[in-house]
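The values are calculated or read from the model by the stated rules, or taken from the named source; none is laboratory data. Treat the numbers as computed from the prediction; the structure is a model and nothing was measured. All Cβ positions, glycine included, derive from the backbone under ideal geometry; neighbour counts span all protein chains shown. Protein only, heavy atoms only, side chains kept; ligands, DNA and RNA dropped before computing areas. Shrake-Rupley method; radii C 1.70, N 1.55, O 1.52, S 1.80 Å.
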Amino acid sequence: MAVSYKELGFVNTRAMFTRAVDSAFAVPAYNFNNMEQIQAIIAACVDTQSPVILQVSSGARKYANQTLLRWMGQGAVEMAKEISKEKGLGEIPICLHLDHGDTYELCVSCIETGFSSVMIDGSHLSYEDNVAMTKKVVEYAHKHDVTVEGELGVLAGVEDEVSAAEHVYTRPEEVEDFVSKTGCDSLAIAIGTSHGAYKFKPGTKPLIRLDILTEIVKRLPGFPIVMHGSSSVPQDAVATINKYGGKMQEAIGIPEDQIREAAKSAVCKVNIDSDGRLVMTAKIREVFATKPEEFDPRKYLGPARDALKEMYMRKNKDVLGSAGKAPEIIALLKK
Ligand code: G3H
Ligand code: 13P
Ligand code: ZN
């Protein structure tokens, strides 16, 4: 039997993005695949009073099971309430989002099991097919008050199972037509970010095309824009991984000052996954190397979770500007 996300305590992205546009910050969209990641995300977002989008990718669904991930999301809502109460803090808005949905059927299945937002990624299709598929998802989703993210342009690297050698930057001249034809609620764009830890060729200057973003914003004033592939690849985590036996050479991400700049504009949602993977791996490798006698998973996953929480808190406070924004979104939702 279908369940509405509202019964589970999630919110869609509408109020989050309205405040993000008006108040010049971006909502963090963090991917999770396991318990420690979701605990760290929730703990960090409650402590910083940040709204949050919990993202489930297709890799996550294969690894952990879509139903279990949905229940973990629901558990996270309850956990957030509990921590807020204990600490005398306010509630935070939590959205459960399908990351890179590739079919209409998958979007429907997520909506029926309680997701409050879905991405339909038709960026690898022809423009006409992308419009048609996105429109079909929007029509179904809006009947359930679920918000939809579409994508125009292709990020280089691996987008779930699809990989592209080159970026195909979003064409600003297409965005108005795409948004008006599909009715999507937010638009993911390709401006030089990419998925994973190796975003730029070694020796080149990491630079995203903020000029294309400016062009897009001119044509869609106030419309919520999404940036995928926005990990910054913390060099201290890469160094720790390599110090303790890892082999990650020349991993380069998007400099945080460029993410900060984008977050102040119409970019309302910033997707970060790889940074969490790196921080977690670094801590686990460190524990394995420095405390080889440990064999209890809590003794290495616990410290990894603490390091993750610290990283998410810093992103919310220093990069995305989402810290302290939960109360105004909650107020808007209650209007
Ligand atoms: O879209 C990319 C995300 O980092 C998810 O990747 O499918 O390996 O979980 P994944
Ligand atoms: P990163 O690989 O840069 O963390 O991007 C994650 C992402 O875009 C998920 O959709
Ligand atoms: Zn992505």
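A compact table of results
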{"quantity": "Within the chain, longest stretch free of exposed GluC sites (Glu not before Pro) [DSSP loop, at most 15 other beta carbons within 10 Å]", "calculated": "1-160"}
{"quantity": "Theoretical FRET efficiency, 1/(1+(r/R0)^6), r = Cβ-Cβ of LYS201 and LYS243, R0 35 Å, to 0.05", "calculated": "0.90"}
{"quantity": "Average silhouette area of the stretch 175-325, convex hull of alpha-carbon atoms, in square nanometres", "calculated": "10.6"}
{"quantity": "Entries of LYS87/LYS264; LYS81/LYS283; LYS269/LYS299; LYS85/LYS325 with Cα pairs more than 24 Å apart", "calculated": "LYS87/LYS264; LYS81/LYS283; LYS269/LYS299"}
{"quantity": "Segment TYR169-ASP257, extension gain: residue separation times 0.36 nm, minus the distance between their alpha carbons", "calculated": "29.6 nm"}
{"quantity": "Rounded to whole Hz, the Karplus (6.51, -1.76, 1.60) HN-Hα couplings of the stretch 20-28, x for glycine and proline", "calculated": "4, 5, 5, 10, 6, 9, 10, 7, x"}
{"quantity": "Mean Cα-pair separation over length for the stretch 81-186, i.e. relative contact order, pairs under 8 Å, 6 or more apart, %", "calculated": "22"}
{"quantity": "Cut-off under 5 Å, modelled amide H: who pairs with ALA188 long-range", "calculated": "GLY150, GLU151, LEU152, VAL226"}
{"quantity": "Debye, to nearest 20: dipole size of the chain, +1 on Lys, Arg Cβ, -1 on Asp, Glu Cβ", "calculated": "760"}
{"quantity": "Rg [Å, one decimal], Dmax [Å, integer] - the stretch 80-164, C-alpha atoms", "calculated": "16.0, 51"}
{"quantity": "Förster radius 30 Å - calculated FRET efficiency between GLU176 and ASP145 (Cβ-Cβ, nearest 0.05)", "calculated": "0.75"}
{"quantity": "Most positive-pole-ward Cα, TYR63, SER274, SER109, against dipole of the chain from beta carbon charges", "calculated": "SER274"}
{"quantity": "Residue (of LEU308, THR147, ALA15) at the positive-pole extreme of the chain, dipole from beta-carbon charges", "calculated": "LEU308"}
{"quantity": "Compactness index (Cα Rg / 2.2 N^0.38 Å), the chain", "calculated": "0.95"}
{"quantity": "Inter-centroid distance (Cα atoms) of the stretch 79-101 relative to the stretch 257-335, Å", "calculated": "14"}
{"quantity": "Accessible area of the stretch 285-330 belonging to carbon and sulfur atoms, whole % at 1.4 Å probe", "calculated": "52"}
